[in-house]
Amino acid sequence: MSTQDMPHLAPYTVRERHHVGEHVWEIWISTDEAILAALKPGMFVDVAVPGDPRHLVRIPLSYYDMDLHRSYLKLYVVNVGEGTKRFCHQKVGSGATLIGPLGHGWELPKDTEHPALLVAGGSGAAPIYAAARMFVTGGIDCDVVMGAQSGTRFWHEGAAQLATLDSSADVQVFPATDDGSYGFHGFPTQLMERLVEKKIYGSVLCCGPNSLMGGVATIAAREHIPCQVSLERVMACGFGACNTCSVAMKDGSVASCCQDGPVFDAEEVEW
Ligand SMILES: Cc1cc2nc3c(=O)[nH]c(=O)nc-3n(C[C@H](O)[C@H](O)[C@H](O)COP(=O)(O)OP(=O)(O)OC[C@H]3O[C@@H](n4cnc5c(N)ncnc54)[C@H](O)[C@@H]3O)c2cc1C
Ligand code: FES
């Protein structure tokens, strides 16, 4: 890793905010070009959100896309608590600092002949979007299951952008909602069961709630498909200093989600 690729602190400014669903926002920020250049799909930044001096902890956020001409990082943020709520309502032109690039991102699969199956739930759509872009750029077709609680919380813009990516490989998006108000009625795992019955996949990627990732990992293992998961843990520092983000591994060891992950081989994680 060159010194330029090392995680460092940089200022950021909010450039655009788009309300794209109930409690869901796209936030485009400008920041340090060296961080943008070093970020790979699946990696993340740790964002400080001003407005509450009691809130010392930064918010880990994956990016879904970049605009290198304007040095913009595009974030997809689900408002789930105090920090994300303040970030989603931060004024255009305001900002603070972030730390990046952090973590290890997605690996390109060994099997590039068969399509990849990408499964996202909720805020997991951000790193899955970035993975789909990386895979189709590498010539790998992708089927993307995008799950949300309801149609009003579904990331319609993201799904539409993915389906029209300009590349030699194909992306097909399969929406799923828990309440059936948009797309398939049911959990992404149920839709995944149907897809793996019909098609041979060379790899599976998943990001979302832990229960979803555990379910997807179980189906992938049963079907003998290599599976990567991007785990979410509460993170106090984001760079290996605090031990708050532990991940129990099958071999009995404990990994740190922020430094060893967030992307892991699903077979190595103790679910
Ligand atoms: C590597 C990584 C990448 C992430 N990428 C994104 C992203 O692109 N978009 C996005 O919307 N969210 C993402 N998250 C989740 C996001 O960081 C949390 O939702 C956020 O930190 C919650 O902060 P808060 O102050 O709003 O919530 P709090 O008020 O602190 O908590 C609200 C709820 O969220 C849970 N929570 C708190 N921190 C986390 C966390 N780090 N991971 C999971 N749940 C948490 C709490 O247990 C609680 O149930 C990511 C998390 C990780 C670890
Ligand atoms: S968040 Fe501090 S060690 Fe991972």
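FYI, it's all coordinate maths here, none of it is from the lab. Note that the structure is predicted; figures quoted are calculated from it, not measured. Every residue, glycine as well, gets a Cβ built from its backbone with ideal geometry; the counts of neighbours run over all protein chains shown.
Just to be sure I understand the curve: with the Debye formula and one point per C-alpha of region 1-48, what is log10 I(q)/I(0) at q = 0.29 Å⁻¹?
Computed log10 I(q)/I(0) values: -1.20.
Taking each pair of distinct Cα atoms in the chain once, what is the resulting Kirkwood hydrodynamic radius in Å? Write out the running numbers ahead of the final one.
Working: mean 1/r = 0.0534 Å⁻¹.
Evaluated on the chain, it is 18.7 Å.
Amide H of ASP65: which non-local residues (sequence gap of 5 or more, or other chain) have their own amide H closer than 5 Å, using H built in the peptide plane?
LYS74
Note down the Stokes-Einstein diffusion coefficient of region 28-90 in µm²/s, whole number, using a Kirkwood radius over alpha carbon pairs, 37 °C, and 0.692 mPa s. Write down the numbers at each step before the final one.
Values: Rh = 12.4 Å.
Translational diffusion coefficient: 264 µm²/s.
What Kirkwood Rh does region 100-161 have if only Cα atoms enter the pairwise 1/r average? Answer in Å. Don't skip to the end; give the middle numbers.
Working: mean 1/r = 0.0793 Å⁻¹.
This gives a value of 12.6 Å.
Using unit Cβ charges (K, R positive; D, E negative) and no other charged atoms, how large, in debye to the nearest 20, is the dipole of region 116-230 about its Cα centre? Could the numbers behind the result be given before it?
On the way: 6 positive and 10 negative charges, 31 e Å.
For this selection, approximately 140 debye.
May I ask you to compute the full-extension gain from HIS185 to LYS85, defined as 0.36 nm times their residue separation minus their alpha-carbon distance, rounded to one decimal in nm? Could you put the intermediate results ahead of the total?
On the way: separation 100, 0.36 × 100 = 36.00 nm, distance 2.84 nm.
Full extension of this stretch gives 33.2 nm more.
Determine ³J(HN,Hα), in whole Hz, for all residues of region 166-173 in sequence, where each value follows from phi through the Karplus function 6.51 cos²θ - 1.76 cosθ + 1.60 and θ = phi - 60°; x replaces Gly and Pro.
8, 7, 6, 9, 9, 10, 10, 9
Enumerate the calculated ³J(HN,Hα) couplings along region 148-153 in order (Karplus 6.51 cos²θ - 1.76 cosθ + 1.60, θ = phi - 60°), each rounded to whole Hz, writing x wherever the residue is Gly or Pro.
After applying 6.51 cos²θ - 1.76 cosθ + 1.60, I find 8, 5, 8, x, 6, 9 Hz.
Kindly write out, for region 117-126 in residue order, the coupling ³J(HN,Hα) from the Karplus curve 6.51 cos²θ - 1.76 cosθ + 1.60 (θ = phi - 60°), rounded to whole Hz, with x marking Gly and Pro.
Computed from phi, the couplings for region 117-126 are 10, 10, 10, 10, x, x, 5, x, 4, 5 Hz.
With a Förster radius of 22 Å, plug the Cβ-Cβ distance of THR218 and ASP265 into 1/(1 + (r/R0)^6) and report the FRET value to the nearest 0.05. Intermediate results must be reported in sequence, preceding the final value.
Numbers: r = 14 Å, r/R0 = 0.65.
For THR218 and ASP265, the calculated efficiency is 0.95.
Identify all lysines with a Cα-Cα distance to LYS199 below 29 Å; exclude those on the same chain that are fewer than 8 residues away in sequence.
Answer for LYS199, where 29 Å is the Cα cut-off: LYS40, LYS110, listed by chain and number.
Charges only on Cβ, +1 for Lys and Arg, -1 for Asp and Glu: so what's the dipole of the chain about the Cα centre, in debye to the nearest 20?
Numbers: 19 positive and 31 negative charges, 149 e Å.
Computed about the Cα centre, the dipole is about 720 debye.
When DSSP assigns beta bridges and you keep just the ones with both residues in the chain, what percent turn out antiparallel, to the nearest 5?
On the way: 39 of 63 bridges.
Approximately 60 percent, going by the DSSP bridge assignments.
Please give the direction-averaged projected area of the C-alpha convex hull for region 232-271, in square nanometres with one decimal.
Numbers: hull surface 10.3 nm².
With every direction weighted equally, the projected area is 2.6 nm².
With only Lys, Arg, Asp and Glu charged, each at its Cβ (+1 for the first two, -1 for the last two), find how big the charge dipole of region 1-73 is about the Cα centre; round to the nearest 20 debye.
Values: 6 positive and 10 negative charges, 29 e Å.
Dipole magnitude for region 1-73 comes out near 140 debye.
Given H placed on each backbone N at 1.01 Å, which residues far from VAL144 in sequence or on other chains put an amide H within less than 5 Å of it?
Residues meeting the amide H criterion: LEU118, GLN172, VAL173, PHE174.
Could you calculate the contour length gain from ASP52 to ASN243, that is, 0.36 nm times the residue separation minus the distance between their Cα atoms, to one decimal place in nm? Spell out each step's value before the answer.
Details: separation 191, 0.36 × 191 = 68.76 nm, distance 2.44 nm.
Stretched out fully, the ASP52 to ASN243 stretch lengthens by 66.3 nm.
Could you give the radius of gyration (one decimal) and Dmax (whole number) of the Cα atoms in region 116-230, in Å?
12.7, 35
Among VAL234, PRO262, SER246, which residue has its Cα positioned farthest towards the positive end of the charge dipole of region 232-271, with +1 placed on the Cβ of Lys and Arg, -1 on the Cβ of Asp and Glu, and the dipole taken about the Cα centre?
Going by the charge dipole, the pick is VAL234.
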